[in-house]
Each structure stands twice: as C-alpha cells, then as structure tokens.
Amino acid sequence: MSLDRTLDAGDTAPARANTVRRRIQGGLVALGLIASAVLGPLTEPPTLWGLLPLGLFVVLLLIDLDIVIAAVVTSASALLVLGSNPAEAAGFLGDALGSDVLAIGMIIVLGGGLGEVLLRTGAAADLVRMIMRKLGDDSPARAQLGIMLASAVLVVALGTLIGAFALAAPLVIPIAARLGFTKSGTALMLFVGGTCGMFVAPFVGSMVAIRTASGISYPDFVLTAGGPLAVACFAAGFALVRWNLRNPVDADDYYSEEDEADSSAEIPAHARASTVAFLVAFVAIVAYAVIAGPGTAFAALALLVMAAVAGFAGRLKATELLTALYEGCGRLFNFLLMFWLLGALFLITEEINPYEVLMAQWGGNLQALGTFAFLIIVGLIGWLGIQGASAAQVVLVDKIFGPTAAALGVPVPAWSVVLLASAQADTYGPAPGVNMIAPVGMARSTALKRVLYSSWILLFVSLAVYAVELAILH
C-alpha cells in the first residue's frame, strides 16, 4: 500500500509542478497587463515605461510561457501603455507586415521548407557521405574531422542544429562504432561541428537577424565576428573530442558491434544531382549577395530558389516540391506569427520612445563608462537571456540597447559581435540547452555531464574571442 502511494505521489508530482508553473505564468500575465492598463492614462511618450513590455517578454520566456503567447501578451501590454485605440492597433499590425522583423521570421520558416526538400531528395544525406568519402573514414583523426565538418555543413544547408544532428547521427554512428569512438565523443563532434557551422551560416535566421540589426555585410561578419569564433571553437572542440575519445565515461560509453552495421536509409537515385545543384545554387547566391549587397528580404528569395533548384534536380514533381515546402514551413509557422507580433511590439515601443529618456538621464554615465565596458555589459546581459529563441533575442537586444550603442558611436562590426554573443554564447552554457541535449541523445549517449563540462571550456574560449574582438573593433 505504501508503495502504491509512493508511485501515485511520483505520478502527480510533475502534474503539480505544471499546475504551479501555469499559475505563475497566468499571474505574471495578469499583473503585466493590469500594470500596463494603469500606466497608459498616467503617462505620455516619451517614457521609460515603454521598456515594461520588453521586460515582460523576457520574463515570460524565462518562465517557459509559449513564445507566441508571450508575444501576444507583450504586444497588448505595449498598446495599453501607449493608450492606443483599435484603429491605431490595427495600423501597427499592418505596418509590421512590411518590417525587417517579419522578414526574419519568414526566413526561418522558409529555411524549414528548404531543409525538408533536401531531406526528401536525399541531398542532405548525400552531403554527409560525400564529406566522409573525401576525407576518409579509415583514420580516427580524419573521420573525426569529417564528422565535425559534416555536422557544420548540414547546419548551413538545413538552417537548424537539431535537424542536422538528427540526419547526421544515423549516418556517422556506424563509422564511429567501427573506429571505436566513444558515444560521448561522437555527441561532442556533432555538437561542436554544428555550432561552428551556425556561426558562419549565411541564411540561418539568427545570423540574418544579426546582420540586419547591425547593418554589417556577410563577408565583414565572417571576417570580424563569426569566422574567428568558428575557427577558435572548432580547434578547441577538436582537441576536446580527442581527449574524450581517449577517456570514456564508463564501459557503456562505447558502441556495440550491432552499431557498426550501416542501417541508414537508402539514398534516392537522384540525390547526387540534387546535391550538386544545391551547392552550385548556394555558391552562386552567396556570391551575388556579397557583390550586390541586397537587403534582408533577399534571403527569403534565396531559400526558395535553392529549394526549387535542389528539388527539380532531385526529380521531385512540382506537387511533391510544393508539398515538401508546405510541410517544412508549416512546422515553423509559429515563428512567423511571433515575429509579426514582435514587429508590431517594436513599432509601438518606438512610438512610446523610452530610449530618448534613457539617453537623457543616463547617456552621460554610459559615455563615462566607456564603449568597451558598455559592450561587454550588453553582451553579458544577452548571454544570460533566453535559450532557444536566438533570432528573437538578437532583435530584442538590438531594440533595447541599439539606440544607446548608436548614440555612443559603436562601430558596426563591434555591435555585430555583441549581437552574436547575445544570441549564441549560451549555446555552450552555463546550463545545457536543447541544442546540447539533442546530439547527446541522437548519438545514443547518456553522458550529458561530460558534454556539458567540455562545453564549459568552449564557453570560456568563446567569451575570450568575443572580448578580443570587441577590444580590437570598439
């Protein structure tokens, strides 16, 4: 009987925790909206109370409220602070449809569509095998390099870390098992390679958000911000993986003989044609973007063109191509809604104009603090912010601190480094996020602590790179 009661208590504990969390979320939503409604009639723009909705957005995400619901609540909060009527509110929502913020959401959604096309044509899997064949899988060092590069290339191609891990893991595990790699080391290979690919990916949503917010060109971003970070973390990560491969967590940290059998799905017959067509289109589009310097919306067109080229080269019919795009985009449609609402929120906040008050009251202190110290503080604030919503975090940090940075005369490359740190520093810690947990599970490992401890070293490396970049660029 006591055992039954113990089991019942164990079953109900998560339910009670969820109930408590929902009550906290509901209470904070109600409190934020009530405070906004009270402040509306009592304040006039410009006012520092315009920062209340932005702060509420961060708090709601930190307590795990759905990101779209958080955007709805905070947009309503901003409208209440401004005291807008329904016609004015509709105007802000309409104006947000043409904003760069919504364009970033569209890029994230279309990236999901491209990724689905590459999966269906087999191009994504073919990319991994192509890299492994070119580098060779008979040497542990070359195989490790191949796995890390394959993970990086897949992130660039698919536009998502978790999608890249899910595809790469079943393809590389037989190689890792045959060479005697540890599960923890294989998980770290996928994780490090994928994150380094993210730092230099041209069409990933968070990277587009950084370039849009800062105004930096893609070549300058790679040379001054993302490139040095990717090189430093890849080199440090390579050494960390070597150590992990020589020091297993326990006896279960090795793959079994059954894992050596290649059980991955058969690659479609026209996968190579799709791969080559995608790579040619990718290089041509990036080259055009470097030369012509088109705006944010170009990335959306680029993703559609690459999807069409890869799909038709892979012998997908028009209906199959459209179906793949629909399904891939549909899984990420919530991001489009979120960025639309965030676009409206930022337009409303600009109307309230808290930044004018901020600069009037504290601008002198910020200038006395110095540009370098200001950039370090903003980067640290972003680092301790939201995990799992990096593009939104970039936009948020830029909207809150961007006007101050502009007033202080922060150079564009330095501001791009701060936004990169805000978006990606928490990838390596201090707490494990979903992007760290996913490759551990997909590599069939349970050694999350080992990967986390290795990531802390990468965290120190990345923070040092950010500091050096800012010291040079500010």
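Give me the number: length gained by fully extending residue 97 to residue 471, i.e. 0.36 nm times residue separation minus the C-alpha to C-alpha distance, one decimal in nm. Mind dumping the intermediate values first?
Details: separation 374, 0.36 × 374 = 134.64 nm, distance 3.79 nm.
130.9 nm is the gain from fully extending residue 97 to residue 471.
What 222 nm value per residue comes from the helices of the chain, counting each DSSP H run with n ≥ 4 as -39,500 (n - 2.57) and dividing by all residues, nearest 500 deg cm²/dmol?
Numbers: 22 runs with 370 residues, N = 474.
-26000 deg cm²/dmol, from helical runs alone.
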Label-point gap, in nm, between residue 449 and residue 35 - each point 7 angstrom along Cα→Cβ = 3.9 nm
Amide hydrogen neighbours beyond the local backbone of residue 254, cut-off 5 Å, H modeled = 183
Two pseudo-spin positions, 7 Å from Cα along C-beta at residue 17 and at residue 320, lie apart in nanometres by 4.5 nm
Answer in debye to the nearest 20: the dipole magnitude of the chain about its Cα centre, from +1 Lys/Arg and -1 Asp/Glu charges placed on Cβ, is 580 debye
Residue 138-residue 305 pseudo-label distance in nm [points 7 Å out on the Cα-to-Cβ vector] = 4.2 nm
Sum up the charges of everything whose Cβ sits under 13 Å from the Cβ of residue 355, counting Lys and Arg as +1 and Asp and Glu as -1, but leave residue 355 out.
-> -3
Between 228, 340, 94, whose Cα lies farthest towards the positive end of the dipole of the chain when Lys and Arg beta carbons carry +1 and Asp and Glu beta carbons carry -1, centred on the Cα centre?
-> 228
In straight Cα distance, which lysines are under 17 Å from residue 449, not counting same-chain residues fewer than 8 positions off?
-> 183
Once phi is turned into θ = phi - 60°, what whole-Hz ³J(HN,Hα) does the Karplus curve with 6.51, -1.76 and 1.60 give for every residue of the range 304-317, x standing for Gly and Pro?
-> 5, 5, 5, 5, 5, 4, 5, x, 5, 5, x, 6, 6, 5
Taking the chain and dividing mean pair separation by its residue count, relative contact order in percent (alpha carbons under 8 Å, at least six apart) = 25 percent
Could you grab the Rg to Rh ratio for the range 432-474? Cα atoms only, Kirkwood for Rh.
-> 1.19
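We did not get these values from a lab; they are worked out from the coordinates using the rules stated. This is a predicted model, so every value here is computed, not measured. Quick reminder, even Gly has a Cβ in these numbers, built from the backbone with ideal geometry, and neighbours come from all protein chains shown.
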